[in-house]
Amino acid sequence: MEAAYMGENGVISILVTTYIPPGGEKRIATVEACLRSWRKHLMFSGDVHVHIADDGSAFDLEARWQSAVGDWGTFSYTRQERRGLGASLNTGI
């Protein structure tokens, strides 16, 4: 990554893999709780980037995840049809 894209203290990238099946409201709440916890407890003065790699959830949650990240950091999202954790991680990287 070029220095022009990093804050003075670098960048931390967080990769979240997820799959939300129909009726998976608890999983949605868990991801949102994780994002709130990282935001509260991550003591880092550099830039933060959050990428959510969705492994074919029952519905598109990109706008909801982007809202959960808010102004805390930059955000990106990928979605693929159900191919499993390994494929989701590889897509997210």
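The values are calculated or read from the model by the stated rules, or taken from the named source; none is laboratory data. Because the structure is predicted, anything quoted here is derived from the model rather than measured. FYI the Cβ positions are ideal-geometry reconstructions off the backbone, even for glycines, and counts take in every protein chain you see.
Could you figure out which of (1) within 20 Å of Gly10 (Cα to Cα); (2) modelled with pLDDT of 90 or more isn't true of Glu62?
Here Glu62 meets the rest and fails (1).
Can you confirm whether the range 77-85 contains a residue that is under 13 Å from Ser13 (Cβ atoms), in contact (Cβ under 8 Å) with a residue 12 or more places away in the chain and out of contact with any Ser or Thr (no Cβ under 7 Å at 6 or more places or on another chain)? Outline the logic, then answer.
Within the range 77-85, the subset under 13 Å from Ser13 (Cβ atoms) is none.
The answer is no; no qualifying residue exists.
Within the range 24-59, count every residue that is among the β-branched types (Val, Ile, Thr) and under 23 Å from Asn9 (Cβ atoms). Give the derivation first.
Taking the range 24-59 as the starting set, the residues that turn out to be among the β-branched types (Val, Ile, Thr) are 28, 30-31, 48, 50, 52.
Checking which are under 23 Å from Asn9 (Cβ atoms) leaves us with 48, 50.
Residues in the range 24-59 being among the β-branched types (Val, Ile, Thr) and under 23 Å from Asn9 (Cβ atoms): 2 in total.
Failed condition for Val69, given (1) touching a residue at least 40 places away in the same chain (Cβ under 8 Å); (2) under 11 Å from the mean Cα position of the chain (by Cα), with all others met?
(1)
Name the one entry in Ser45, Ser13, Ser37 that is touching a strand residue (DSSP E or B) at 6+ places or on another chain (Cβ under 6 Å) and of a type in the set (Ser, Thr, Tyr).
Details: Ser45 fails: touching a strand residue (DSSP E or B) at 6+ places or on another chain (Cβ under 6 Å); Ser37 fails: touching a strand residue (DSSP E or B) at 6+ places or on another chain (Cβ under 6 Å).
Going through Ser45, Ser13, Ser37 in turn, the sole match is Ser13.
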